[in-house]
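Worksheet for the structure shown next.
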Amino acid sequence: MGIHPVQVIAVTGGKGGVGKTNVSVNLSLALADLGRRVVLLDADLGLANVDVLLGLTAKRTLADVIAGDCDLRDVMIQGPGGVRIVPAASGTQSMVQLSPMQHSGLIQAFSEIGNDIDVLIIDTAAGIGDGVVSFVRAAQEVLLVVTDEPTSITDAYALIKLLNRDYGISRFRVLANMAHAPQEGRNLFAKLTKVTERFLDVALQYVGAVPYDEAVRKAVQKQRAVYEAYPRAKCSLAFKAIAQKIDTWPLPANPRGHLEFFVERLVRPTANAHD
């Protein structure tokens, strides 16, 4: 495995419908715009949609890698802005129930290309199932996408509680999505913080807000990332600002490179993700 440090960011949200995939895609493009070598892993192993969102056709998927039919490099497809995308297998039930060893084999494949990556963005599935937790607890950074809906806040809290109680994760980055006003994101973060401070020993850090923008819907209809299709849209400018902030987050200090530990934490399910 390489010694090149890689920033591993799991984008998650608890419930569906919070725009998690849109956030993953557009932050990937914005980070690539900063000169970072970005790989986007579609880790929604049951209902993959990153390739569909971008109008790309995947000839092979993660299912082929797990089956041993090809290498990870054979699966990657070139996305906009130089972002490389690893598509998952949509609708394949067996992909939803990977064993811990299969998960570790999947990430082992990533470790082999570690020297070619600066940032690995993991777009997780909705919910708090084992597949989601496997990826999230192993990542260096957890980016929690929330919207100003009671169900989103409730589900985000449930995910934080699970990851903190069972895996010792104590730091979460929070991004407010589809905010209707600049202050809405801050207010949403305050609501979530009020609950976590009362019941959990965790630190939430506010990353910023992405405003509600009709340009997102238009881009989706075109099967393009809004950051590419409408670079001056208010949401695109927000993604750019958030990517600049993410670019300042500290890299893993261990000289063996973070992807190696990412693999190890998937192999050892009980390990504390942030040891």
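Here is how the numbers come out for the structure above:
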read-out	value
Pick from segment 193-207, criterion under 25 Å from LEU237 (Cα atoms) and touching a helix residue (DSSP H, G or I) at 6+ places or on another chain (Cβ under 8 Å), ranking: surrounded by the fewest Cβ atoms within 10 Å (Cβ to Cβ)	TYR206
Odd one out for ILE85 among (1) modelled with pLDDT under 90; (2) in contact with a Gly (Cβ under 7 Å, 6 or more places away or on another chain)	(1)
Residues (of a type in the set (A, V, I, L, M) and either modelled with pLDDT under 90 or surrounded by fewer than 23 Cβ atoms within 10 Å (Cβ to Cβ) (or both)) located in segment 160-173	LEU162, ILE169
Qualifying positions in segment 60-81 - assigned to a loop (DSSP other than H, G, I, E, B) and in contact (Cβ under 8 Å) with a residue 12 or more places away in the chain	ARG60, THR61, ASP71, MET76, GLY79
Residue match in segment 116-139 (condition: at pLDDT 80 or above, buried (at least 22 other Cβ atoms within 10 Å of the Cβ), among the charged types (D, E, K, R) and not in a helix (DSSP H, G or I))	yes
Residue under evaluation VAL210, criteria (1) out of contact with any Asp or Glu (no Cβ under 8 Å at 6 or more places or on another chain); (2) surrounded by fewer than 19 Cβ atoms within 10 Å (Cβ to Cβ), criterion not met	(2)
Members of segment 13-52 that are out of contact with any strand residue (DSSP E or B) (no Cβ under 6 Å at 6 or more places or on another chain), surrounded by 19 or more Cβ atoms within 10 Å (Cβ to Cβ) and part of a helix (DSSP H, G or I)	ASN22, VAL25, ASN26, LEU27, LEU29, ALA30, ASP33, ASP51
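The values are calculated or read from the model by the stated rules, or taken from the named source; none is laboratory data. Just so you know, these numbers come straight off a predicted model, no measurement behind them. As a convention, Cβ positions derive from the backbone with ideal geometry for all residues, glycine included, and neighbour counts pool all protein chains shown.
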